1. Considering each of GLY268, GLY300, GLY229 in turn, give the residue that is part of a loop (DSSP other than H, G, I, E, B) and at pLDDT 95 or above.
2. Read through the list (1) crowded, with 18+ Cβ neighbours inside 10 Å; (2) modelled with pLDDT of 95 or more; (3) touching a Pro at 6+ places or on another chain (Cβ under 9 Å), then give the number of the only condition that ALA185 fails.
3. Just to be sure, is GLY179 of a type outside the set (D, E, K, R), surrounded by fewer than 20 Cβ atoms within 10 Å (Cβ to Cβ) and not assigned by TED's automatic domain parsing to the domain that holds THR32?
4. Filter region 17-48 for residues that are farther than 18 Å from ILE144 by Cβ, in contact (Cβ under 8 Å) with a residue 24 or more places away in the chain and under 24 Å from the mean Cα position of the chain (by Cα) and give the result.
5. Suppose we keep only residues that are polar (S, T, N, Q) and at pLDDT below 95 within region 54-78. Which one would you say is surrounded by the most Cβ atoms within 10 Å (Cβ to Cβ)?
6. For region 102-126, which residues satisfy the criterion of being out of contact with any Ser or Thr (no Cβ under 9 Å at 6 or more places or on another chain) and either outside the structural domain of THR71 (by TED's automatic domain parsing) or more than 19 Å from ILE55 (Cβ to Cβ) (or both)?
7. For ALA106, indicate whether it is touching a residue at least 60 places away in the same chain (Cβ under 8 Å), touching a Lys or Arg at 6+ places or on another chain (Cβ under 9 Å) and aliphatic (A, V, I, L, M).
8. Could you list, ordered by first residue, the pairs with Cβ atoms under 8 Å in which the first is in region 60-77 and more than 20 Å from PRO25 (Cβ to Cβ) and the second is among the small types (Gly, Ala, Ser) and assigned to a strand (DSSP E or B), at least 6 apart or interchain?
Amino acid sequence: IILQNRNVLARAKNGTGKTAAYIIPCIEKTDTTKNHIQVLILIPTRELALQTSAIVKEIGKHLGLQCMVTTGGTSLKDDIMRLYNTIHVIVATPGRILDLASKNVADLSKCKTIIMDEADKLLSPEFQPVLEQIIGLCDPSHQICLFSATFPVTVKGFCQKFVPNPYSINLMDELTLRGITQFYAYVEERQKVHCLNTLFSKLEINQSIIFCNSVNRVELLAKKITELGYSCYYIHAKMQQANRNRVFHEFRNGATRHLVTSDLFTRGIDIQSVNVVINFDFPKNSETYLHRIGRSGRFGHLGLAVNLITYDDRHSLRRVEQELGTEIRPIPANIDRGLYVG
């Protein structure tokens, strides 16, 4: 598809071979008899850029292909010297390539293939205007290939504007927030356990999963919940796999009502009987939030998500709402049972 000069929108998580999936056709398309930049690979971080350029060099080493990597934090002078020689493929972070292109050192005017890896990170608010400028400096007949694990609103908006008629590839189970009613409660850290106790007594919980941000907090909270007189299991990343599997299996079979866990237990909870998810600790980003709260699209399933928010979480809350295009409302005194009890 890349060889056909189509725009591509590919959704895949890390470790699925996406880097090779775009590098091989890009190398195939490159005409090494021409001495201009033909492929621009945009990457959000320096480490990933170095890794990607190493793969390009390895795959293209017998083809006379010239690849360079340029990122912030390295010598601009060295990059300028390198660009006096022939470069076919350039792997770059957005700020640095814009700097070089606007100084007329990197000539992108004949660059027809733009790859955006980890596009959800590339299209954060601070990068987006930079990317728009870079695209404007490339060959008008360019193709754009976007690779991303998640497609937040920013990516969708960008695609509508800059990536017409893309060929879409989705290698992930679509997680959805459809059918999930989301609330938040502002609390101080020391009030969280009391607040959780109130939720337990007020809500009609069939089964619940409660998320904490660290292994230590998982164990402490599970102990507190047991002390409050509720049956509760816990799992986290430091437990042996066999123990985790056993606990999860017993929870799935209804041996206990509550499960406290860290983020290892994510990627959409497809246990039909779980009707309440509580973020005891609010997650740091929207992808983790979606993985905790979202369900795979095949379960059209009612559920309730309650987020305990401290003063420090307030910006993360708004960012999650914005990036996922969802609404998390203040928790009312009484929650309509029809929202989450089947």
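1. Unique residue meeting the criteria: GLY229.
2. (1)
3. yes
4. Selection gives ALA20, THR45, ARG46, LEU48.
5. This residue is THR71.
6. SER102, LYS103, ASN104, VAL105, ASP107, LEU108, SER109, LYS110, CYS111, GLU126
7. On the way: touching a residue at least 60 places away in the same chain (Cβ under 8 Å): yes; touching a Lys or Arg at 6+ places or on another chain (Cβ under 9 Å): no; aliphatic (A, V, I, L, M): yes.
Judged against the criteria, ALA106 is not a match.
8. THR70/ALA92; THR71/ALA92
The values are calculated or read from the model by the stated rules, or taken from the named source; none is laboratory data. Quick caveat, the model's predicted, so the values are computed rather than measured. Neighbour counts are summed over all protein chains in view; Cβ atoms, including those assigned to glycine, are modelled from backbone coordinates with ideal geometry.
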